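The values are calculated or read from the model by the stated rules, or taken from the named source; none is laboratory data. A quick note: this is a predicted structure, and the numbers were derived from the prediction, not measured. Ideal geometry is used to build each Cβ from the backbone, glycine not excepted, and the neighbour counts take in all protein chains shown. Keep in mind that these areas ignore ligands, DNA and RNA; they rest on the heavy atoms of the full protein, side chains included. Shrake-Rupley method; radii C 1.70, N 1.55, O 1.52, S 1.80 Å.
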Amino acid sequence: MDWTDDGIILSARRHGETSVIVSLLTREHGRCAGLVRGGTGRRQRGVLQAGTLVRATWRARLAEHLGNLSCEPISSAVAGVLGDSMRLAALSAACAVAEAALPEREPYPGAFEGLCILMDSLAGEAWPTVFVKWELGLLAELGYGLDLSCCAATGRNDQLAYVSPKTGRAVSLSAGEPYRNLLLRLPEFLILGDVLASPAEVFDGLALTGYFLTRHVFAAGSVPPARARLFDRMRAAAEAG
Amino acid sequence: MAGGEIERLIQLLAKLPGLGPRSARRAALYLLKRQEAALVPLLRAMGDAAAHVRTCSVCGNLDTADPCSICSDGKRDATLVCVVEDVADLWAMERAGVFRGRYHVLGGVLSALDGVGPEDLAIPALVRRVVEQEVKEVVLATGVTVDGQTTAHYIADRLAGTGVAVSGLAHGVPVGGELDYLDDGTIAAALRARHPL
């Protein structure tokens, strides 16, 4: 059996001397892995980098086999971000989160489209908010979506400022004030849909999605190191103002 | 077909990089047919290497002396340190013959997939070295891959408080390269790093 689909490379691990096992998130086939023969060679090495959008062809005798992959590059955000530590950290974190969060061979077209948008956004200034929104979307796709439409306590939708760590529902400023130390901060850009946000707001956003990803998706204490590094960098940027 | 000793020799040779079972069989046959000319000198060289080659406690290079010949060479600039992923990269830099500073071998790159974290690499030793040996510039020569450059940025962050100048290798068109054969990313990087002529 075989299929051809667009996919974003999430990781590439050397296998033997010349081959590479590539994991990629495809539009119609979800997260898939396959063996790329000659993947360590000069011609393919540059293509098989995390974050590269490829046209992938997967072939195997049986569906449950690892299969052989061939990847034709479509576009890559990698070259544009290698010199920027924050953007590179975001690219690595997004790929690591997708790799760790999504089950294999189950299609999540929303997660794929979102990741494509995130990779495109790395060339501009809006990528931090896009990253947080993509993680929120990922949570929703996996069945753990947050309800940010109205306050869980009052039912009103004005001045939403917190999220309950227990229910994942928004809480208004007045209702949440007595419990502010127990609640997660809800950054304004997630309510207003702003494209740009301050590092402090993005940090709050990453803390919010990170809490629920850790609670529902990642096994306890196993946040991907690449995501933890992005979180630390954003914390440093927020503290620096 | 072959005796136990020969089979064992073939099995061990087949584990070497670049050799499969067939080529290992050819190599074993070659060695056994030319025992005096090839096998015995090879045995002696391997024995000597096993007995004397060690990892340099300063830079991580492989040499018969500790510190290695590069670290103990007084003509080299001790204030300039080039950080490489592996000893093979150090050898590549030395082949070029243009770098007159010293080296620091990391022993790999940060890799979430393979579970390689900062504590698994020689990064703390690099920071110590920079502080103690009054290094003025660190050249980060890690690979131009996502993991390689992530490692480079991580090291740059760790060195930020030491006051040392940190630089990285340029990315772009290789010598003898033709644009038609280059990938989009390399062309984009080369264009960004263009310089006046």
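I'd like the full set of residues that are open to solvent by less than 20 Å² (accessible area, probe 1.4 Å) and touching a residue at least 60 places away in the same chain (Cβ under 8 Å), limited to the range A:98-115.
Keep residues of the range A:98-115 that are open to solvent by less than 20 Å² (accessible area, probe 1.4 Å), which gives A:98, A:101-102, A:111-112, A:114-115.
Within the range A:98-115, A:Ala98, A:Ala101, A:Leu102, A:Ala111, A:Phe112, A:Leu115 meet the criteria.
In summary, helices (runs of 4 or more DSSP H) completely within the range B:86-183 and bearing 1 or more residues that are farther than 21 Å from A:Gly83 by Cβ occur at B:87-96, B:123-132.
Any residue at all in the range A:21-39 that is of a type in the set (Ser, Thr, Tyr) and over 26 Å from A:Ile117 (Cα atoms)? No, the range A:21-39 contains no residue that is of a type in the set (Ser, Thr, Tyr) and over 26 Å from A:Ile117 (Cα atoms).
For the range A:203-216, does any single residue satisfy the condition of being hydroxyl-bearing (Ser, Thr, Tyr), assigned to a helix (DSSP H, G or I), open to solvent by 70 Å² or more (accessible area, probe 1.4 Å) and in contact (Cβ under 8 Å) with a residue 12 or more places away in the chain? Working first, answer last.
Taking the range A:203-216 first, the residues hydroxyl-bearing (Ser, Thr, Tyr) are A:209, A:211, A:214.
Cutting the leftovers down to assigned to a helix (DSSP H, G or I) gives us A:209, A:211, A:214.
Then keep just the ones that are open to solvent by 70 Å² or more (accessible area, probe 1.4 Å); that gives A:211.
Next, only the ones that are in contact (Cβ under 8 Å) with a residue 12 or more places away in the chain stay: A:211.
Yes, the range A:203-216 has at least one match.
Among the numbered criteria (1) in contact with a Phe, Trp or Tyr (Cβ under 9 Å, 6 or more places away or on another chain); (2) buried (at least 17 other Cβ atoms within 10 Å of the Cβ); (3) under 27 Å from A:Phe218 (Cα atoms), which one does A:Arg180 miss? The failed condition is (2). Every condition in (1) at the interface with another protein chain (Cβ under 9 Å from one of its Cβ atoms); (2) under 18 Å from the mean Cα position of the chain (by Cα); (3) surrounded by fewer than 18 Cβ atoms within 10 Å (Cβ to Cβ) is met by B:Asp184 except one, and the failing one is (2).
Checking the structure you have, find out if any residue of the range B:33-41 is touching a residue at least 12 places away in the same chain (Cβ under 8 Å) and crowded, with 16+ Cβ neighbours inside 10 Å. Step through it out loud before you land on a result.
Going residue by residue through the range B:33-41, those that are touching a residue at least 12 places away in the same chain (Cβ under 8 Å) are none.
No, every residue in the range B:33-41 fails to be touching a residue at least 12 places away in the same chain (Cβ under 8 Å) and crowded, with 16+ Cβ neighbours inside 10 Å.
Only one of these is open to solvent by 10 Å² or more (accessible area, probe 1.4 Å), farther than 23 Å from A:Thr40 by Cα, of a type outside the set (D, E, K, R) and modelled with pLDDT under 95: B:Val98, B:Val116, B:Val144. Name it. Walk me through how you get there before you give the answer.
Values: B:Val116 fails: farther than 23 Å from A:Thr40 by Cα; B:Val144 fails: farther than 23 Å from A:Thr40 by Cα.
Residue meeting the stated conditions: B:Val98.
For the range B:122-132, indicate whether the set of residues that are within 14 Å of chain A (Cβ to nearest Cβ) and of a type in the set (D, E, K, R) is non-empty. Checking the range B:122-132: not a single residue is within 14 Å of chain A (Cβ to nearest Cβ) and of a type in the set (D, E, K, R). Within the set B:Val83, B:Val105, the sole residue that is away from chain A (no Cβ under 14 Å) and in contact (Cβ under 8 Å) with a residue 60 or more places away in the chain turns out to be B:Val83.
Being in a strand (DSSP E or B) and in contact (Cβ under 8 Å) with a residue 24 or more places away in the chain: is that true of A:Ala175 here? Against the criterion (in a strand (DSSP E or B) and in contact (Cβ under 8 Å) with a residue 24 or more places away in the chain), A:Ala175 does not qualify.
The criterion of at least 1 residues that are touching a Pro at 6+ places or on another chain (Cβ under 7 Å) is met by the following helices (runs of 4 or more DSSP H) wholly inside the range B:1-54: B:4-14. The numbered conditions (1) within 23 Å of B:Ile155 (Cα to Cα); (2) of a type in the set (Val, Ile, Thr); (3) loosely packed, with under 12 Cβ neighbours inside 10 Å are all true for B:Val58 except (3).
Looking at A:Ala33, A:Ala12, A:Ala56, A:Ala63 in this structure, which one is away from every other protein chain (no Cβ under 13 Å), assigned to a strand (DSSP E or B) and small (Gly, Ala, Ser)?
The conditions single out A:Ala56.
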